[in-house]
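Before I ask anything, here is the structure I am working with.
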Amino acid sequence: WNTVQFSVCGTGMEQSPIDLRVCDEVEASTNPIAPTNWGTASELVHSHGIKVNMPGSGTPFQTSMRGEMYTLAQCHLHWGSEHTFNDLQDALCMHCVHTKDVVTVASPRPYGVLGFSWRVGDEADAFLTPWIASAPAADASAVTADVDMALAYAGLTLNRYWQYDGGLTTPPCSEAVDW
């Protein structure tokens, strides 16, 4: 990145992504991740990959992370996970970007990102298959397709996860994210 224009990208102390260390034994969190009202989103956009925007009206899709509430704004896919796991990169990841419902002095970060990672194989994924099948072409601005966002976390153990204080993974690299 242009570290003159976005100096925090080169000098920040809480930059993302990072290498996440994998352990055999992980304690269950007393604050499990808890998605609420995640339903169907329908606007897919080609934007350096595939992005799905959450509906602007109706009941917001929310997530409790770290014991605090966040409202889901959009999720986007990256081919090649940005975070690594014991120095290994997964084939695909998705970052679901949220805004924090209440920002305080004690909890000042305005964003929360819930990340998912996949090792792509031969088996069909109930969440990814319909989304990728409906993906807009590189020259299209947006398409309408139903994406059942609840399938993203179906079957996952939501009380075992990594969390850290970090930043946006692209400029301006603001260190304003609860990962």
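The values are calculated or read from the model by the stated rules, or taken from the named source; none is laboratory data. Please read all numbers here as calculations on a predicted model, not as lab measurements. Because the Cβ atoms are built from the backbone with ideal geometry, glycine has one as well, and the counts that use them run over all protein chains shown. To get the accessible areas, we keep the full protein, side chains included, count just its heavy atoms, and leave off ligands, DNA and RNA. Shrake-Rupley method; radii C 1.70, N 1.55, O 1.52, S 1.80 Å.
Working only within region 23-37, note down all residues that are loosely packed, with under 14 Cβ neighbours inside 10 Å and not in a loop (DSSP other than H, G, I, E, B).
Within region 23-37, just Thr36 meets the criteria.
Determine, yes or no, whether Asp148 is under 18 Å from the mean Cα position of the chain (by Cα) and either open to solvent by 40 Å² or more (accessible area, probe 1.4 Å) or farther than 16 Å from Gln15 by Cα (or both).
Numbers: under 18 Å from the mean Cα position of the chain (by Cα): yes; either open to solvent by 40 Å² or more (accessible area, probe 1.4 Å) or farther than 16 Å from Gln15 by Cα (or both): yes.
Answer is yes for this residue.
When both residues are 6+ apart or on different chains and their Cβ atoms are under 6 Å apart, which pairs have a first residue that lies in region 121-140 and is closer than 16 Å to His76 by Cα, and a second that is of a type outside the set (Asp, Glu) and part of a helix (DSSP H, G or I)?
The qualifying pairs are Phe127/Leu151; Phe127/Ala152.
Follow-up. Six or more apart or on different chains, Cβ under 9 Å: which pairs go from a residue in region 19-37 that's over 24 Å from Ala73 (Cβ atoms) and in contact (Cβ under 8 Å) with a residue 12 or more places away in the chain to one that's exposed (fewer than 10 other Cβ atoms within 10 Å of the Cβ) and of a type in the set (D, E, K, R)? Could you list them?
Listed pairs, sorted by first residue: Asp19/Asp87.
For region 84-105, state whether one or more residues are open to solvent by 80 Å² or more (accessible area, probe 1.4 Å), at pLDDT below 90 and not in a strand (DSSP E or B). Before the answer, list the steps.
Here is the first cut: in region 84-105, the ones open to solvent by 80 Å² or more (accessible area, probe 1.4 Å) are 87-89, 102, 105.
Going one step further and asking which of them are at pLDDT below 90, we end up with none.
No, region 84-105 contains no residue that is open to solvent by 80 Å² or more (accessible area, probe 1.4 Å), at pLDDT below 90 and not in a strand (DSSP E or B).
Another question, if that's okay. Scan region 1-22 for residues that are in a loop (DSSP other than H, G, I, E, B), of a type in the set (Ser, Thr, Tyr) and surrounded by fewer than 14 Cβ atoms within 10 Å (Cβ to Cβ) and report the count.
Filtering region 1-22 for residues in a loop (DSSP other than H, G, I, E, B) gives 1-7, 12-18, 21-22.
Remaining after also requiring of a type in the set (Ser, Thr, Tyr): 3, 7, 16.
Still in the running and surrounded by fewer than 14 Cβ atoms within 10 Å (Cβ to Cβ): 3, 7.
Counting residues in region 1-22 that are in a loop (DSSP other than H, G, I, E, B), of a type in the set (Ser, Thr, Tyr) and surrounded by fewer than 14 Cβ atoms within 10 Å (Cβ to Cβ) gives 2.
Any residue at all in region 111-127 that's open to solvent by less than 50 Å² (accessible area, probe 1.4 Å) and basic (Lys, Arg)?
no
Would you tally the residues in region 157-179 being open to solvent by 30 Å² or more (accessible area, probe 1.4 Å) and in a loop (DSSP other than H, G, I, E, B)? Even if it seems obvious, please write down each step before you answer.
Taking region 157-179 as the starting set, the residues that turn out to be open to solvent by 30 Å² or more (accessible area, probe 1.4 Å) are 157-165, 168, 170-172, 174-175, 179.
Still in the running and in a loop (DSSP other than H, G, I, E, B): 157-164, 168, 170-172, 174-175, 179.
Matching residues across region 157-179 total 15.
Of the residues Gly112, Gly121, only one is under 19 Å from Ile18 (Cβ atoms) and either small (Gly, Ala, Ser) or modelled with pLDDT of 95 or more (or both); which? Steps first, please.
Working: Gly121 fails: under 19 Å from Ile18 (Cβ atoms).
Among Gly112, Gly121, only Gly112 is under 19 Å from Ile18 (Cβ atoms) and either small (Gly, Ala, Ser) or modelled with pLDDT of 95 or more (or both).
Give me a count of the residues in region 38-59 that are surrounded by fewer than 17 Cβ atoms within 10 Å (Cβ to Cβ) and part of a loop (DSSP other than H, G, I, E, B).
Number of matching residues: 9.
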